[in-house]
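Presented below is the structure to which this report refers.
The values are calculated or read from the model by the stated rules, or taken from the named source; none is laboratory data. Computed from a prediction, not measured in an experiment: that's the story for all the values here. Neighbour counts are summed over all protein chains in view; Cβ atoms, including those assigned to glycine, are modelled from backbone coordinates with ideal geometry. Protein only, heavy atoms only, side chains kept; ligands, DNA and RNA dropped before computing areas. Shrake-Rupley method; radii C 1.70, N 1.55, O 1.52, S 1.80 Å.
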Amino acid sequence: MVKRLSEFRKSEWFSLFLFSLLVSGILFVSYGYIDLKSLTAWTLNLWDCLADGNLYGYYEYCARNIYHLDSSYMGSNYLALIPWAVWNLPIWVLQRFFGVIAVGHAWTLLYSKIFVVLVYFITVSFTYRILTVMKIETEGRTEAVYLAFSFPFAMTAVYFAGQTDIISICLFVIAVYQLIQGKRNRFLLFAALSMGAKPYILIAYVAVLLLTEKNIWKILRDAIIGMSPMLLFHLIYRNAPMYQESMSMGPGAGQLEATLGMTVSSPSGISISLFLVSLIVFYFLIYIRPWGGQRAEELVYAVVVPFLLFFMFADYKHYRVIYLFPFLYILFAVKTDRLFYNLLAECVINMGIALKFYLTNGGFFSNWYVFDFVRKFIPDIKLGWLERIHGIKENVMEYGNPVYVIASSVVFAAFVLLLFINLSKFPQAAKWKEKESGISVKMLLWVRALLPLLLVLLSFYRN
């Protein structure tokens, strides 16, 4: 172990890990995003309802909005909040018995955010375990773990937004880890918990079922098992006070329409979802593909593709991009001969999506969410180029603006390339000639590592 650590410190990955860890720390301490405040408050509401013996009235209690949150309704099930509520028990005690306002201090929100950071690290840990079971070499494991750990939009979702998606992803990573070890019942258990936390995993779960099981009745059985926690929750709470209103008016309202995303009109005038059509075609192709249970990389590809299609055609928020994590980077480790192409496409996606949200979402890495104690350390500098950036942002808020269209088109093309690059029939002769191009893998790694830091620095001056 000591020898391995010594070798790691001498490798080029060591400085990258240190730099990304530093950026992670800056991201962690700097922001109290609106969703972090809401989710923290809703975990405390769980304890209030339990203490008052009225858990069935949870949604009505949340709707009172005693914390004056921007969102008055808790618009989803609270299954993902249960472990987070356990973590937040100390600050609930401080609030309940000592009068400390839990969402009124930076330190209480930072304590709450530690939970999602820990889940993030657990996910990375199981990513490493999956790579080990797949017998990926040490260099490949290090590469994939670093790429997953430093994925800009995973860092955004966890350190900036403090979202619950990481809980669902963590449970699904554990589920896949169980599956590649041949423990299907445990896979079904953790996958069901994952979808109970967030339903987005369903699109990857169905792909895994169709790849690994060919009996239609067993597929239907496992699909029902997977969806059972969220379905049972809905059945239990469907008549609870303010539940239906919360589902239709809360943050989760309109998710189905957003998921269907980009549509085209048929000759008869019917709107057709491109995401749904492409997903069904992919499901069919993997269902007819024989499965021997020996090629774990096919399983990883089956998980990645539905999310690539989702981000190509659906409407999504910046913190949803975390669903590419960590399976995309496990795929990169499997396809080591294509690392440059994969990294190049991924860097284009990162920069393109960041630009899209920066130009159309005023709250994306904005000074609005920087903690007051951090503001005191921000130098008051007046630079013309900062003012020009703010002006650009104000002038391109419309989605139809040419800058937005260009960024969206480039990102779409990069997603298509990721699908093509990772096909088993990708041309083996198409190897990148670094000396001729002047661009190296190391250069791309540093570009993607610098992106979150750039967003942080700009946010300090973006009103």
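Worth a mention:
- When the helices of the chain are scored as -39500 (n - 2.57) per DSSP H run of n ≥ 4 and the total is divided over every residue, the value at 222 nm lands at -21000 deg cm²/dmol.
- Gap separating the Cα centres of region 116-194 and region 348-369, nearest whole Å: 25 Å
- Over 29 Å between alpha carbons, listed pairs Lys198/Lys376; Lys214/Lys335; Lys113/Lys376: Lys198/Lys376
- Calculated FRET efficiency, Met249 to Leu276, Cβ-Cβ distance, R0 = 22 Å: about 0.30 to the nearest 0.05.
- Kyte-Doolittle mean at least 1.6 and Cα axial length at least 18 Å: DSSP H helices in the chain: 12-30, 165-180, 274-287, 296-313, 402-421, 441-459
- Taking amide H positions as modeled 1.01 Å from N, with prolines and chain starts lacking one, the residues under 5 Å from Tyr31 and 5 or more places away or on another chain are Phe371.
- Taking 7 Å steps out from each Cα toward its Cβ at Thr336 and Ala223 produces label points 3.9 nm apart.
- Our estimate of slack between Ser268 and Val405, defined as 0.36 nm per intervening residue step minus the Cα-Cα distance, is 46.5 nm.
- Gain on full extension, evaluated as 0.36 nm per residue between Ala258 and Arg289 minus their Cα-Cα distance, stands at 8.1 nm.
- Of the GluC sites (Glu not before Pro) found in region 130-236, those in coil by DSSP whose Cβ has at most 15 other Cβ atoms within 10 Å are Glu137.
- Projected label distance in nm at Glu137 and Met443, using a 7 Å step from Cα toward the beta-carbon: 2.5 nm
- Of Ser11, His318, Met351, farthest towards positive along the dipole that unit charges on Lys, Arg, Asp, Glu beta carbons give the chain: Ser11
- Between Ser424 and His234, the simple label model (points 7 Å from Cα in the Cβ direction) yields a spacing of 3.6 nm.
- Take the Kirkwood radius over Cα pairs of region 298-340, plug it into Stokes-Einstein at 10 °C and 1.306 mPa s, and you get 144 µm²/s for translational diffusion.
- Environment charge of Ala106, counting only residues whose C-beta is closer than 13 Å and scoring Lys/Arg +1, Asp/Glu -1: +3
- Toward the positive end of the charge dipole of region 192-296, with +1 on the Cβ of Lys and Arg and -1 on the Cβ of Asp and Glu, the farthest Cα among Asn215, Gly292, Gln255 is that of Gly292.
- Checking (i) 34.6; (ii) 30.7; (iii) 25.9 against the coordinates, the calculated mean projected area of the Cα convex hull in nm² falls under label (iii).
- With a Förster radius of 25 Å applied to the beta-carbon distance between Ile114 and Arg186, the computed FRET efficiency rounds to 0.35.
- Of all accessible heavy-atom area on the chain, the percent that carbon and sulfur account for (1.4 Å): 66 percent
- Using equal-weight Cα scatterers in the Debye expression, the normalised intensity of region 106-241 in log10 at q = 0.19 Å⁻¹ is -1.15.
- Surface exposure of the chain, expressed per residue as accessible area with a 1.4 Å probe, stands at 47 Å².
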